[in-house]
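Notes to accompany the following structure.
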Amino acid sequence: MHCPFCRHPDSRVVDSRTSDDGLSIRRRRQCPQCNRRFTTIETASLSVVKRSGATEPFSREKIVNGVRKACQGRPVSDDDLAVLAQRVEETLRASGSAELDAYEIGLAILGPLRELDEVAYLRFASVYQAYNSLEDFEAAITALRAENEEAEARRAAGQDEPADQGTAAAE
Ligand SMILES: [Zn+2]
């Protein structure tokens, strides 16, 4: 947006804060031309369509609350959950749609949650994808294992970082 003082068409973000309710972002900007600072408030344009048909603004807090239950007893910190919610929001915003349903949100949660903790992922997926038998769990675990092995193979075939570390340690 234009600088409100000199109308310069560009500005640099010097600070960015999410409000406590997670519904808006306050950005402190500086104009590169006149160096004056101003603040913009960005409100969430993402809406969640509930089952009842009502919409409500997207909230990172709700993502965190939804995932926290699946993370009980797991080595997942509040910071981890905050980062996950941020990634989910980024994914959803990148999708370009302004209105999302619970299915799309759940889908956006699965990827980052799997990276965070596989047990929490399975718990969440079992509810979200409505697993109703041991076979469903088995299939999910098999898929998880296959993807892990694939990732391992990619790592092994790729960089020789562990060898470098070994050399450094020997010196
Ligand atoms: Zn200016």
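The values are calculated or read from the model by the stated rules, or taken from the named source; none is laboratory data. Keep in mind that this is a model prediction, so the values were computed, not measured. Positions of Cβ are backbone-derived with ideal geometry, glycine not excepted, and every protein chain shown enters the neighbour counts. These accessible areas exclude ligands, DNA and RNA; they are computed on the full protein's heavy atoms, side chains included. Shrake-Rupley method; radii C 1.70, N 1.55, O 1.52, S 1.80 Å.
Listing for the model above:
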item: Calculated [θ] (222 nm, deg cm²/dmol) that DSSP helices of n ≥ 4 give over the chain, each run adding -39,500 (n - 2.57); result: -16500 deg cm²/dmol
item: Computed log₁₀ I(q)/I(0) - Debye formula, equal Cα scatterers, no solvent, the chain, q 0.17 Å⁻¹; result: -1.08
item: Karplus (6.51, -1.76, 1.60) ³J(HN,Hα), θ = phi - 60°, over region 35-42, in Hz, Gly and Pro reported as x; result: 6, 7, 10, 8, 10, 10, 10, 9
item: V83-R154 pseudo-label distance in nm [points 7 Å out on the Cα-to-Cβ vector]; result: 1.8 nm
item: Of all accessible heavy-atom area on the chain, the percent that carbon and sulfur account for (1.4 Å); result: 49 percent
item: Calculated FRET value between E90 and S47, using beta carbons and R₀ = 22 Å, to 0.05; result: 0.85
item: Within the chain: Cβ-based charge dipole about Cα centre, in debye rounded to nearest 20 (Lys, Arg +1; Asp, Glu -1); result: 1280 debye
item: In degrees, nearest ten, helix 134-157 long axis to first principal axis of the chain (Cα); result: 70 degrees
item: Angle in degrees between helix 118-128 and the longest Cα principal axis of the chain, rounded to the nearest 10; result: 80 degrees
item: Using a Förster distance of 22 Å, the FRET efficiency for E99-H8 (Cβ separation, nearest 0.05); result: 0.05
item: Backbone HN-Hα couplings from phi across region 49-55 [Karplus 6.51/-1.76/1.60, Hz, Gly and Pro as x]; result: 8, 7, 4, 6, x, 6, 10
item: Cα-based helix-to-principal-axis angle, 161-170 vs the chain, degrees rounded to 10; result: 90 degrees
item: Where no second cysteine Cβ lies under 4.7 Å, the cysteines concerned in the chain; result: C71
item: Å² per residue, accessible surface of the chain at 1.4 Å; result: 67 Å²
item: Sum of side-chain charges, S52 neighbourhood, beta-carbon under 15 Å (Lys, Arg +1; Asp, Glu -1); result: -1
item: Farthest positive-ward along the chain dipole, Cα basis, beta-carbon charges - from Y103, H8, P75; result: H8
